[in-house]
């Protein structure tokens, strides 16, 4: 008997002794109070009207949603989706080789590498973003070094651009891609890779037909973990983008705090949540046929 | 390799925990001191970097009270926190237009003028301000202007008009405030309009002028533009006088000008909140802060002008003569207070968002 099945039996015993609901209770209560209720409040506010001084007046209206139809908001959402998609793609392109490399190291060195990846998290994200400002600005570290090496004669305009925002987002969310990918790759049985070599797979088909299918859950988890927060980012566009353009996060923050238009801000938040949920559902649906296939085999 | 799998789970957990904690951290810049005794505690809600600790300490010594300082970084944040149910604050520091909003919402306690003898020495233009002409709710504390900070070695001849911010020679070396009312204020004054206009066609024209300016603008920043000026990243910055004055310390060639078309005049005011549990002590605290000598020391430290005109006697000459701190008297009639524009706010909002999406 393996230890896994005995722990399963113990868990089943726990369930029957305490009853499923009682075990579910604390988690359910937490979700209701801290997740569901605030969402209901946001939904309710999005259907209300802005008071003259910025409060919320409880007069039912769909005006906030009608205002969302303005093409301006469509462009902001489009640009944010594009930037979040590019961030996810770049994190995946950089994170996969890194995770693969780490997963193939001896265990002791793996731990060291993972700690290196985590160390930046011990510092506040705001502070790290300010550090990028010092690196990228006209008289910053990067320009100084490039000028000293005489690679450029005039400083490059690096800061306050969409590229700087992309850099900041990829930098910030890369660990969220690497960790689930590492967990997935580390679990692959090396014998499968050897078998692929034995069956005359070249590098590309090894990658495409063995590694990708086996690490798919990790890829999906990593993409979700990177895509969602970068879609809602607002600090990075403000600091590294110089507030020259807006992402959805900035727009929502602007409506809540600056314009004191909570109803419109709430309507925007609801729309953002719907887009995120919609794209997740679509993604999982797109995955499910393959999972079913594998189950039937 | 079970060890490293446990580790990766642990690290993942730490990552999420740290991320959540960082998120909470942004709103938690408090300065709470634990411990309680018989001492009365006064809760002072003010701008970040807007107090001088030794003055607070002197007040604590003199009145046997404890002062707990909590900070915010914008008027909107102040209002949102108070509307969101933050209570227990005694004294807050909203700016002029926010005083009218807070008063209209019944958030402010009426002041007791008998407890505020220092109120008699206010600067003439602050004696009957439009947002609270009789000082029923608010006492002006520090004041100043919004103008242009520039590097006099690069920008020649010295500018005297908002139009310099549309000068193509300075492409990519201009910063504007990241504040829709101030940015629209500057362009509206340059067009000879009031910065409180509610005329949609005027706002539309102002928007087009701003869109034309955007390629020249390096960044819209309300916080660190003084560093950008000092480091030479920008040579022209729309900004608050006091902050430009701080950049002058790092780069002496920085100058400040209030354009001839006029600009914003502002005053941060001391108010007592209606929910304050210690109103009498709150009045004493306000009276202390606007005392001539205390206000002079505050001014010298923060480089904003004091509301008490007698404070001028205690402020060093170079600060008094710095137009970034004390604007020349002849300019004051040309300045305009930022007023509430009510429902037209959404028009400004839309225009601002359109500008950002160009």
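At 20 °C and 1.002 mPa s, grab the translational diffusion coefficient of chain B from Stokes-Einstein with a Kirkwood Rh over Cα pairs, rounded to a whole number in µm² per second.
97 µm²/s
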Counting other beta carbons within 10 Å of each residue's own, what order do B:152, B:48 fall into, fewest first? B:48, B:152
Counting DSSP beta bridges with both partners in chain B, what percentage is antiparallel, nearest 5? 60 percent
Which shape class, rounded, prolate or oblate, goes with segment A:42-175 when its Cα gyration tensor gives a ≥ b ≥ c as root eigenvalues, a/c under 1.5 marks rounded, and past that a/b bigger than b/c marks prolate? prolate
Along Cα→Cβ, 7 Å out, is where each label goes; now give me the distance between the ones at residue B:329 and residue A:31 in nm to one decimal. 7.1 nm
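If each residue's Cβ is checked for other Cβ atoms within 10 Å, how do B:71, B:353, B:275 rank with the fewest at the top?
Sorted ascending by nearby Cβ count, the order is B:275, B:71, B:353.
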Rank these for me by crowding, B:60, B:123, going from fewest to most other beta carbons within 10 Å. B:60, B:123
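What shape does segment A:78-296 take by its C-alpha gyration tensor, where a ≥ b ≥ c are the square roots of the eigenvalues and a/c under 1.5 counts as rounded, a/b above b/c as prolate, and the rest as oblate? Write down the numbers at each step before the final one.
On the way: a/c = 2.38, a/b = 1.31, b/c = 1.82.
Since a/c reaches 1.5 but b/c is at least a/b, the shape of segment A:78-296 is classed as oblate.
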Per-residue mean of other chain beta-carbon atoms within 10 angstrom of the beta-carbon, peptide A:255-264? 5
Averaged across B:345-358, how many Cβ atoms of other chains sit within 10 Å of each residue's Cβ atom? 5
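Using only atoms on other chains, find how many Cβ atoms lie within 10 Å of each Cβ of peptide B:220-229 and report the average. Show your work: numbers first, answer last.
Details: counts 7, 5, 2, 2, 3, 0, 0, 3, 6, 0.
Mean number of neighbouring Cβ atoms from other chains: 3.
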Assuming a ≥ b ≥ c are the square roots of the Cα gyration tensor eigenvalues, decide whether segment B:219-355 counts as rounded (a/c under 1.5), prolate (otherwise, with a/b larger than b/c) or oblate. oblate
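Read the figures in this text as sums done on the coordinates, not as results from a lab. No experiment lies behind these values; they were computed from the predicted model shown. A quick note on method: Cβ atoms are made from the backbone with ideal geometry, for glycine too, and the neighbour counts reach across all protein chains shown.
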